[in-house]
Amino acid sequence: MKLEGIHHITAITADAPANVDFYARVLGLRLVKKSVNQDDPTVYHLFYADEKGSAGSDLTFFEYPGAARGRAGTGMVHRIVSRVGSAEAVDFWAERLAAEGIEAKRMQRSLRFSDFEGLEHELVIAGTDDQALIAEHPEIPAEMALQGFDGARAYSADPDASRGLLEEALGFAREDGSWEVRGERRGSFYAYDPAPAEPGVQGAGTVHHVAWASPMEDHDAWRGRAAEAGARPTPIIDRFYFRSIYFREPSGVLFEIATIGPGFAVDEDPDHLGEEVALPPRFEPQREEIERRLTPLENPRAKTIGA
């Protein structure tokens with residue numbers, strides 16, 4: 001039984017329109033689901049991914065309008081690492097970000113930058129044969145596009161405290177100062193960096209949680225493993241698009257284990273994902289009230305590829 005790397009990473013934004021502009025227009029991801037936070041349906045839950053909304057490419061945001069800027073600290077993911085296909089792709093992104101006025105730091109095989117709210121990203125040249133999870137965009141050739149997650153880096157004051165859960169219960173494999181999380185089809189890494197002196201503050205531009213991908217048939221067993229390791233997982237929660245359990249690992253990072261499927265096409269035409277507000281059935285009776293509270297958003301595809 002193995003986890004298939006990162007399923008999704010969820011962060012917080014204070015400005016949904018600017019968030020859509022950055023992630024759909026600038027970074028070229030597809031807005032595959034425009035829904036609501038199922039624990040607080042007064043706010044958006046926006047999902048960006050490849051063309052199909054595949055697990056492994058899914059970057060999501062809760063919008064809390066006007067939320068104060070956060071700061072990553074102990075027990076928080078501070079950097080999201082995504083794959084690109086070549087050194088030429090790194091050059092392409094350095095030029096594209098510079099044209100948008102976004103500062104980026106070029107490394108030997110990667111590029112680091114932050115979004116408009118300070119959320120840190122790194123693009124690295126893929127060192128794997130995993131399928132490239134790519135979205136279509138008229139300004140971004142397929143060979144230059146983001147290819148899905150490579151990993152996530154978190155801050156920890158005591159990384160060794162997490163080793164038992166990560167390695168024994170969750171099957172993370174220690175490798176060169178980080179852990180590889182690899183299943184039959186896909187993998188990614190998880191790593192810790194020394195925690196800064198200042199405490200973390202959850203807010204705009206910070207990661208809320210990282211989710212690991214489980215085949216549907218293994219999900220209940222993963223909950224059992226987490227419970228046996230003392231992680232105190234939630235009951236299985238049906239999120240309609242996938243099923244979830246949540247728990248904090250010993251360094252403080254909020255983990256989710258989410259199922260691969262049913263997927264985002266369960267209630268929308270795959271050709272028109274993310275164009276309208278999609279609500280799980282239990283929220284449909286509240287649709288009028290929910291939509292009245294949400295920030296108006298334009299369909300980014302209408303601006304780019306004429307959807």
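No value in this document is a laboratory result; all are computed from the given coordinates. All values derive from a computational prediction rather than experimental measurement. Ideal geometry is used to build each Cβ from the backbone, glycine not excepted, and the neighbour counts take in all protein chains shown.
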- request: Set Lys and Arg Cβ to +1 and Asp and Glu Cβ to -1, take the dipole of segment 6-304 about its Cα centre, and tell me which of Pro196, Met76, Ala24 lies farthest positive.
  value: Pro196
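May I ask you to compute the full-extension gain from Glu95 to Ala68, defined as 0.36 nm times their residue separation minus their alpha-carbon distance, rounded to one decimal in nm? It would help to have the intermediate numbers written out before the result.
Details: separation 27, 0.36 × 27 = 9.72 nm, distance 3.01 nm.
Going from the current span to full extension adds 6.7 nm.
Which of rounded, prolate, oblate describes segment 57-134, given a ≥ b ≥ c as roots of the alpha-carbon gyration tensor eigenvalues and a/c under 1.5 marking rounded, otherwise prolate only if a/b is larger than b/c? Walk me through the numbers before you get to the answer.
Working: a/c = 1.94, a/b = 1.49, b/c = 1.30.
Note, shape of segment 57-134 comes out prolate.
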Cα gyration tensor shape of segment 144-253, rounded if a/c is under 1.5, else prolate or oblate by comparing a/b with b/c: rounded
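Rounded to the nearest 20 debye, what is the charge dipole size of the chain about its Cα centre when +1 sits on each Lys and Arg Cβ and -1 on each Asp and Glu Cβ?
Numbers: 33 positive and 52 negative charges, 99 e Å.
The dipole magnitude comes to about 480 debye.
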Positive-end residue, segment 6-304 charge dipole about Cα centroid, Cβ charges, pick of Ala227, Ala211, Met107: Ala227
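Indicate, rounded to the nearest 5 percent, the antiparallel portion of the DSSP beta bridges found entirely in the chain.
On the way: 44 of 69 bridges.
Antiparallel bridges make up about 65 percent of those DSSP assigns within the chain.
Set the Förster radius R0 to 30 Å, insert the Cβ-Cβ distance between Gln202 and Ala87 as r into 1/(1 + (r/R0)^6), and round the FRET efficiency to 0.05. Write down the numbers at each step before the final one.
Numbers: r = 36 Å, r/R0 = 1.20.
That pair, Gln202 with Ala87, gives E of 0.25.
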- prompt: Which residue, Ala229, Ala154, Ala99, tops the fluctuation ranking in a GNM of the chain built on C-alpha contacts under 10 Å?
  reply: Ala99
- request: Tell me, rounded to the nearest percent, the portion of alpha carbon pairs in the chain spaced more than 38 Å apart.
  value: 8 percent
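Per residue of the chain, what 222 nm ellipticity follows from adding -39500 (n - 2.57) for every DSSP H run with n ≥ 4, rounded to the nearest 500? Walk me through the numbers on the way to the answer.
Details: 6 runs with 44 residues, N = 307.
That comes out to -3500 deg cm²/dmol.
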- request: Pop out the ³J(HN,Hα) list for segment 150-162 in order, Karplus 6.51 cos²θ - 1.76 cosθ + 1.60 with θ = phi - 60°, rounded to Hz; leave Gly and Pro as x.
  value: 9, x, 9, 10, 10, 9, 9, 7, 8, x, 5, 5, 8
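Let me know the volume per residue of the alpha-carbon convex hull for segment 205-287, in Å³. Spell out each step's value before the answer.
On the way: hull volume 10.6 nm³, N = 83.
Taking only Cα atoms, segment 205-287 has a hull volume of 128 Å³ per residue.
Normalising by the residue count of segment 162-307, find the relative contact order in percent from Cα pairs under 8 Å and 6+ residues apart.
Relative contact order, segment 162-307: 17 percent.
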statement: If each K or R counts +1 and each D or E counts -1, the residues other than Gly203 whose Cβ falls under 13 Å of its Cβ total -1
